[in-house]
Each structure stands twice: as C-alpha cells, then as structure tokens.
1. Tell me, what ³J(HN,Hα) does each residue in the stretch 616-626 have, in order and in whole Hz, if you take phi through Karplus 6.51 cos²θ - 1.76 cosθ + 1.60 with θ = phi - 60° and put x for Gly and Pro?
2. So, with a 1.4 angstrom probe, what is the percent of accessible area on the stretch 393-475 that is carbon and sulfur?
3. Would you check the accessible area of LEU680, probe 1.4 Å, heavy atoms only, in square angstrom rounded to 10?
4. Taking the Cα centre of the chain as origin, sum charge times position over the Cβ atoms of Lys and Arg (+1) and Asp and Glu (-1), and report the length of that vector in debye to the nearest 20.
5. How much of HIS197 can a 1.4 Å solvent probe reach, expressed as accessible area in Å² and rounded to 10?
6. Gain in length, GLU154 to GLU179, computed as 0.36 nm per residue apart minus the alpha-carbon separation, to one decimal in nm?
7. Grab the other residues whose beta carbon is less than 14 angstrom from that of SER728, score K and R as +1, D and E as -1, and report the net.
8. Find the accessible area per residue for the stretch 352-447; the probe is 1.4 Å, ligands and nucleic acids are left out, and the unit is Å².
Amino acid sequence: MASALLSKTTSDWCFNLLRPRYPSLPPPILSHPPTLLLTWRPFRSFFSTKRLSTFLAMDGSKAGPLKELPLGIDATTEEEYASQSRLLQEFTSISSIDKAWIFKSDSGIGSQAMFSISQPNLLANKRKKFILSSHISRGSNNSVNFQWAPFPVEMTGVSVIVPSPSGAKLLVVRNPENESPCQFEIWGRAQVEKEFHIPQSVHGSVYADGWFQGISWNSDETLIAYVAEEPSPSKPTFTGQGYKKGSSTEKDFGNWKGQGDWKEEWGETYAGKRQPALFVININSGEAQAVKGIEKSLSVGQVVWAPPVRVRAPNFESEADEPELKDNSTEDVPVINLTQSISSAFYPRFSPDGKFLSFLSARSSVDSGAHSATDSLHRIDWPIDGLLSSSAKIVDVVPVVMCAEDGSFPGLYWSSFLSNPWLSDGCTMIITSIWGSCQVILSVNVLSGEVIRISPTDSNSSWSVLTLDGNNIVAVSSSPVDVPHINYGYLVDKESKSTAWSWQNVPSPTNECSEKVKSLLSSLQFSIMKIPLRDVSDSVTKGAAKPIEAIFVSSKTKRNDPFDPLIVILHGGPHAVSLSSFSKSLGFLSSIGFNLLLVNYRGSLGFGEEALQSVLGKVGSQDVNDVLVAIDHVIDLGLASPSKLAVLGGSHGGFLTTHLIGQAPDKFVAAVARNPVCNLTLMVGTTDIPDWVYVEAYGSEGKNSFTDAPSAENLTLFQSKSPIAHVSKVKTPTLFLLGAQDLRVPVSTGLQYARALKEKGVPVKVIVFPNDTHAIERPQSDFESFLNIGVWFKKYLS
C-alpha cells in the first residue's frame, strides 16, 4: 500500500486503526492531529484486486465525539428505521390460525372447537403457540354461535398435538432441544394422565412437519404410530491410547468421539436431522419400538393405521384388554408396495367404512422433473379378506388437468388433507387446493370423481379448510387487505341434491389487530388481473398461450402524487404461486405507500399442467418476458408510472429479479433479492437440488441427462441462462438478503453477484443472516428483512 504523508516523520506517531465490525473500511494509517491523513484501501472481497488509495484530510481542531450508529444505518435513514419498525411490529404481532379440531360436546348439544394459533416472539426469536377453545351452538335458520374462552393458553415447548379419534385423549409431544429424551404426554379432559420419556437410544425428535409427520392413533386408542429420527449411529471412539474397540453412543470423559461416515440428508428443510423411521408406542406401558422390515434406504412418513377389521397391524397382538408388543417384534415383517404402478403416492386416507384407500400422487412432477406440478387423486379398493397385493388396481379419481377452460377446474395443487376429511356419506372429501391466484375449498366425490368448488365463487379471497363439524366446515379466509377470519359453512339444502354452500363469518378474537393496522388495511383494495400474453409462438400449447394472472394491491384513494410507487413481487419455485391471501410483510409494504403487483407468470401452480410445464427449458426468457408484459399492462391501464418501479423476489423470484435488472437495466429504480439464484453454473455444484438446475435449463429432458459431474457444455448453458450473464448491464441499486445456512441456493451465489455489482459501482447493500436457511423465516430475521426492504424502497422511490 502507498505511503501516506504524515505530520511527523518519525514512525512513533503512526498507528493502525482496526475496524473488525466494518470490514469494508480497512485499517487506515493515521497521523497525529491537528491534520489527520488516512490512506483508504477498498476491501478486497467487494472490489477485486485493484489497488486504490484515497487521501482524506480532517481538521482535528473541530473534531468532536461522534454518535455511533448501528452497522448499515446512517443518520438520514435512522428515523425511517424507527418509524417503519414500529408499524412493522404491529403487523408482525398479528396471530396466525394454524389448525383446528372439533369434539363432541358433553351435553350432546353443539360441539367444542380447539384452535391452534401461533404468533412470532421477536425477543425469543421463536414462535409462540396457543390453544384457543370455543363452544359451537346452532340455532334456528342455520345460525351458528361461537362462545370463545376468555383467553388462549400457551403451549410452551410443545412440538405437536394430536387428539385421539374419539376425542377422549390428547397426545402432546415435546421434542428435546439437546440430547435429553423425547417427551410424550397423554392428556385427559382435566389432567395429564400419563407421561413417557423416550431416550435418544430409542429415537430422536418426532417429525412434526407436514411431509414426514405421521402420528396416528389405532382404533381402540391404545397404540400410536409415529415417525421420528432414528437413533444416533455409533461413532468411532478414541482414548489417549488410540482407537477403542467396541464403539458406542455413550459419553465418557476418558475418551472422545470421531465423526464416522458421512450420511446423506434430506436437504434444506431437514439439515441436521437424522433419517425418519417408523415407531409405535403402547400408551398403557409406555414401551416404544421401531417397526422392522423397512429397508434402511427408505424414509418413512405420513403413517396411518389400516382398518382394524381388515388387516392386523404388524408386530403387535392384543391379549385381554391391553395390547402388548410381541416378543418377536424385532423380526422383519413383509412390507408391500401398494403403488408400484405409479411413480408417486402420498397423504393416504382410508374411507370411514374402510372399503377404500384414497391418496394423492405427484407423478406429473416426478415424471417431468419439475419440483412441483399438478397433483392427481387416486383410489385403491381395500380387500375384504385383508390379502394385500403390489398389483392392486389403482383407480384414477381426479386426473391431471392439462389445459383448463376459462373458469373451469384447473387441477389439484398443493392439496392438503385433514386427518379426517370425510363427510357423512363416506365418499366425499373436503380438501384445500389452488385455483388460479386463489386458494379454494373443494368437495371431491372419490367414487364418481366429481369436483365442486364450495368456497364462494364470487370472492377473490383465499380459503382454507381447518376442520369438519359433522357435515359442516370450519374454514379460514383472508385476502391481501383482510386479516384471516374464521368462517362456518353448511349445505343450503341437505335434503335435496343441491351443492350450494352457505358461509357465515364468525366473530373471533383471532380476527383482532391494532386499530392502526385496521385503518391502514381498510384504505387498500385489490383485484386479480388477467393479462394477455404478447408475441405467443404458434408452437406453444393451448394452455401455455392463455393469459397469466397478477394480483394488484393499491390504495383506494390517490395519495400526494399521481402514481404511487409500484413494487413487483415475484414468487419462487418457479413452480409456486402468489396467492390472494393475507401476508403480514406485504400488508406492511402496502401500508407505507407502495402499490404491489404479484405476478403469476407461466410456470406457476394453479393454471393447468401445460402452462406449468411451458417454462421448463425457458427460464430467464419466458418467465422474464411474462413479468415485463404484466408491468406494461398496469402502466398501459394508467395504474403505474414507468419511472417508479421496483422489484422484489426470493429464490427463483430472486433469479427473475436479478435477470430483470440486467435485461431491462433502465426499468427499475430499486431491487431486493432474497437468497436469489444468480449463477446456475455455481449453484449446480453446491445446491441440495442439482437436478433442478438441469430441468429448469434443459426442460424435461434434463431429468435424464442429470449428473453430478456436469460437462463443459452443461456449464456453458447454465451460464447463459443465469442472471450473472447480464450483470455488466445492471444499474439498479440492489439489496441482498441472504441466509448463511441456505443449502438450496447457497450464499455464495448471491455474494458473487453482489460483489460484481459493487465492483462496477452499483449501489449495493448485503445483509447475511448467519443462522437462517433458504426461507429466512426466523422471526427476528424476517422482521429485519422486511424492515430493510421498506427502508430501501423508501430511499429510492420517494
């Protein structure tokens, strides 16, 4: 580094000023006052290898104590941070309705409801879970009344709760945060009746997520099947004398454990978790055992008990009133693959009479290589004699919809099943699915295949079923401008064959939010736009040529300027969807003066399989053009100014964000990218889903050409499809929000792109969350993310 001119020539007056908290401000050489000269060297990691020096002079006679501001905040933005953070906290505190259960009332009149509610706890950086109870009574003229408990009850440390089929018992599972045992509690109506501690030598934490979770009571409520982490494997043990034979999992101060062989995990969501395995616990004895006979290479999830009169559960037998684990329960038992003829099967549900098994399939996704696609619904008639066969006939109930006619059923997407989704006829399921830009409630007759949309068709809000109250439905609805509300639905005429449902809005404590948030949301409006495509090729399929949709959120009244700034919101995936449901973070952005345009480009879920598959092999071009068409559409309608545009996206939405600021460098005033896919060439060797890179770049044929050793030709194509290929043209100030523990889109891809922008002088801000994964969903991280998003856009769009 070049020498600086100092006020004295002796080296005794020279010193280095180290700034560990400010890595972009390297240690300058300082002289003694009154004249202070600093040699300024740009930090290597953001400015390449160029050696630049800047000399600054300060008048020491006027120097005084400086107020130290938090990293990344200057005096001009500090007040904006303060005011926006107060409003964001009010949005963040809004509770979410996660699940619900219905129980028969002791009096036989009405029913009891129990709602699981969660709320971020910013100070603890966790989510608080509550139980809120209500008595449901029905009056004349189909009126319904919910009598709520005065306060919710917090379920501290609870991982999952599962009522028994009769509603007489409640399983409460508390997963350990360290090597302590997993805790099972069996609750009665007024007390904890039994408590069992399952040691780590039996299994680890119980899986409580929506994919592997499978907690199922048997019919007489004495056994519970569930999925938990397999026990920790034995690791090599070393002492002061070297390797110790007979390694074990026990800890001893006289030795230390090696690592042993590395084992593949399930990736991003399950990092650090051991393989899911099937267990059964006897709630009378507390004995828990692994179910044998399942290949070690297979992971188990979504377990349900088969009908008791039709097939005996393996490994167990009943004697007298108490079932016991058989002495030979460690022996292998036959495991039959019932769905060999289909490439995917999940969410199994038996009909109430046990005559058939229904399940969803993602075979369209598996067969094409797309990581999410249109689902299909199937049925297997369960054998009366209990003799199961791998060649069982699979009946297609709801097939994949390739191209939906306008207003017609587009297929099943992201469908979720209740543990008991059946109406009293025993063949009608109530499920939640996606229909265009809305989430809807469907009734599906599993025998006839008839599908009916039963949530209001005249509403653009999104609906989700929470639970069934006999033949009635408890649901939750919301919109971009309405917080979640509980609704109660019933058939208008049960005696006739009418399929019309009536819905009643239920006043509930869960609807509450601050008066300020209510006022701000009441000033907003939204609509779902249908946007025609431009320059559609004759070679595209009919479904891929249909208009796309976008959700437009705006103020009901004009603010000071003729046009409010517009933020274009882009979902990830690409096979995901922006829904017309309430989002606290987007509600916050709408409330501080921004209009929003949530674009569901081709490739989004909810619009038919042809439209979804059309983006494969065309990422970075077709999806980018769809977004530009949507932006031009709202500008042409006079709803946005071309000089006040910003873009925000995460994951594949970040891929589009960084593509857009490169391919349309003069279009956007500011941009934000959360864990963006910026370089497919870099990502393919570091992500937990390298096959995704091949399929998105090559199309469905990429599924067959996938390899962990990509060729030079592969890497060249990946580079051409990547935003990094256009980085030299970017001018837009960009905020990057990155999760350091992201396995899906490793942090290196975002940092590489940010460094490239910084090198060419584009304003860049980078925030890395050290303990967050791809979603950046820990409460504090999510809060800081959207606070910085709000301040960043205010800075450049105001």
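The values are calculated or read from the model by the stated rules, or taken from the named source; none is laboratory data. Given the structure is predicted, the values throughout are model-derived calculations rather than measurements. All Cβ positions, glycine included, derive from the backbone under ideal geometry; neighbour counts span all protein chains shown. In case anyone asks, the SASA skips ligands and DNA or RNA and just uses the protein heavy atoms, side chains included. Shrake-Rupley method; radii C 1.70, N 1.55, O 1.52, S 1.80 Å.
1. For the stretch 616-626, the Karplus curve yields 4, x, 10, 5, x, 10, 4, 5, 4, 5, 4 Hz.
2. Details: 1410 of 3010 Å².
Percent of accessible area from carbon and sulfur atoms in the stretch 393-475: 47.
3. Counting only protein heavy atoms, the figure is 0 Å².
4. Computed charge dipole of the chain: roughly 2800 debye.
5. Looks like 110 Å² after rounding.
6. On the way: separation 25, 0.36 × 25 = 9.00 nm, distance 2.45 nm.
The GLU154-GLU179 span can extend by a further 6.5 nm.
7. Working: positive: LYS729, LYS731, ARG755, LYS758, LYS760; negative: GLU759.
Every neighbour counted, the sum reads +4.
8. Numbers: 3640 Å² over 96 residues.
Normalised by residue count, the accessible surface of the stretch 352-447 is 38 Å².
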